[in-house]
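Only one structure is covered here, and it is reproduced in the block below.
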Amino acid sequence: IKRVTTSTIKEMKLRGEKISMLTGYDYSMARALDDAGLDIILVGDSAANVFAGYDTTLPITLDHMIYHASAVARAATRAMVLVDLPFGEYQGSVENAYHAGVRMMKESGAHALKLEGGIEIIDNIKKIIQAGIPVCGHLGLTPQAIYQFGDFGVRAKEEAEAEKLKSDALALQEAGCFAVVLEKIPSKLAEEVTKSLRIPTIGIGAGNACDGQVLVVNDMLGLTKDFKPKFLRQYLHLYEEITNAAAQYVADVKSADYPNEKEQY
Ligand code: KIV
Ligand code: NA
């Protein structure tokens, strides 16, 4: 099977074919997603939330992300494996960003990196791209900056922030990014940015005009309890299904129904 690459992704925008992306954090899930024909598996630092149970993405480390990304990379035969650089690894010096990026690529087997932010980190992004590593940008609600935002609400509703986002998007394109994620911004703004760029936009809570869409896989499978923002479409209700299955198992063990004659040696 032919691997989805950064060229494939850019050609999709030219052809008008939408790009599909979901997060993945482990081998079993990544295999199923790859089999489904997903274009990109994002090893998101949302692992900090849905895998590890933190309130924010700040605590997850480079080592944690390498562990998740290597598991996903072993599973994906067709999908591009894109991985987040975690908080604190790329916002400081160019050298630190470069070394974090190189370590991730060497040790995880992922194909590309995603970094949150625009002009503030443009030199660091350029250095990573110069090393031969494909980079995807991420603008709008960038969760690593949650303590500056104060909440997980929609970003860039005001003129000033919208203007900055537009110039950040152009700066990311000029720096050589192959795509940019737009998170939780007005759909009109996402449409404007999408039309202004040659590189694809991949939206989450950013409307239908984006060149692709991404969701956190645990959320779209209904595995994240009590989380249903407006933008989320739930394809399964796994939390209830798993709870019901586990409760049935408990009952079967307690009643000594499991294992039966066919289920023993
Ligand atoms: O970590 C993540 O899941 C993400 C997506 C929501 C874009 O960055
Ligand atoms: Na992320």
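The values are calculated or read from the model by the stated rules, or taken from the named source; none is laboratory data. Only a predicted model underlies this, so the values are computations on that prediction, with no experimental measurement involved. Cβ sites come from the backbone with ideal geometry, for glycine too, and all protein chains shown count toward neighbours.
Kindly indicate whether D45 is charged (D, E, K, R) and either under 13 Å from the mean Cα position of the chain (by Cα) or within 16 Å of ligand 2 (Cβ to nearest atom) (or both).
So D45 passes the test.
Can we say A79 is at pLDDT 95 or above, assigned by TED's automatic domain parsing to the domain that holds A209, over 11 Å from the mean Cα position of the chain (by Cα) and among the small types (G, A, S)?
Answer is yes for this residue.
Being without any contact (Cβ under 8 Å) to a residue 40 or more places away in the chain and assigned to a loop (DSSP other than H, G, I, E, B) narrows it down to one residue among Y265, Y249, Y239; which is it?
Testing whether each residue is without any contact (Cβ under 8 Å) to a residue 40 or more places away in the chain and assigned to a loop (DSSP other than H, G, I, E, B) leaves just Y265.
I'm told Y25 meets every condition in (1) hydroxyl-bearing (S, T, Y); (2) within 16 Å of ligand 1 (Cβ to nearest atom); (3) farther than 17 Å from G109 by Cβ except one. Can you identify the failing condition by its number?
Answer for Y25: the failing condition is (3).
Assess whether Q213 counts as being modelled with pLDDT of 95 or more and in a strand (DSSP E or B).
In short, yes.
Does S28 satisfy the condition of being in contact with a Leu (Cβ under 6 Å, 6 or more places away or on another chain), in contact (Cβ under 8 Å) with a residue 40 or more places away in the chain and more than 16 Å from ligand 2 (Cβ to nearest atom)?
no
Specify the residue that is nearest to ligand 1 (Cβ to nearest atom); the eligible residues are those in the stretch 83-133 that are among the hydroxyl-bearing types (S, T, Y) and more than 24 Å from A71 (Cβ to Cβ).
Y98
Within the stretch 35-44, can one find any residue that is surrounded by 15 or more Cβ atoms within 10 Å (Cβ to Cβ) and assigned to a helix (DSSP H, G or I)?
No, that holds for no residue.
Considering only residues of the stretch 100-131 that are more than 24 Å from S167 (Cα to Cα) and assigned to a loop (DSSP other than H, G, I, E, B), which is nearest to ligand 2 (Cβ to nearest atom)?
A110
For the stretch 61-75, indicate whether the set of residues that are among the small types (G, A, S), outside any strand (DSSP E or B) and either at pLDDT below 95 or within 15 Å of ligand 1 (Cβ to nearest atom) (or both) is non-empty.
yes
Only one of A256, A206 is on the phi > 0 side of the Ramachandran plot, aliphatic (A, V, I, L, M) and part of a loop (DSSP other than H, G, I, E, B). Can you tell me which?
When all the criteria are applied, what remains is A256.
Let's see how each residue does on (1) within 21 Å of V214 (Cα to Cα); (2) outside any helix (DSSP H, G or I); (3) among the β-branched types (V, I, T); (4) away from ligand 2 (no atom under 16 Å from the Cβ):
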| residue | (1), (2), (3), (4) |
| --- | --- |
| I146 | yes, no, yes, no |
| R155 | yes, yes, no, no |
| A160 | no, no, no, yes |
| E163 | no, no, no, yes |
| K166 | yes, no, no, yes |
| A169 | yes, no, no, yes |
| Q173 | yes, no, no, yes |
| C177 | yes, yes, no, no |
| L189 | yes, no, no, yes |
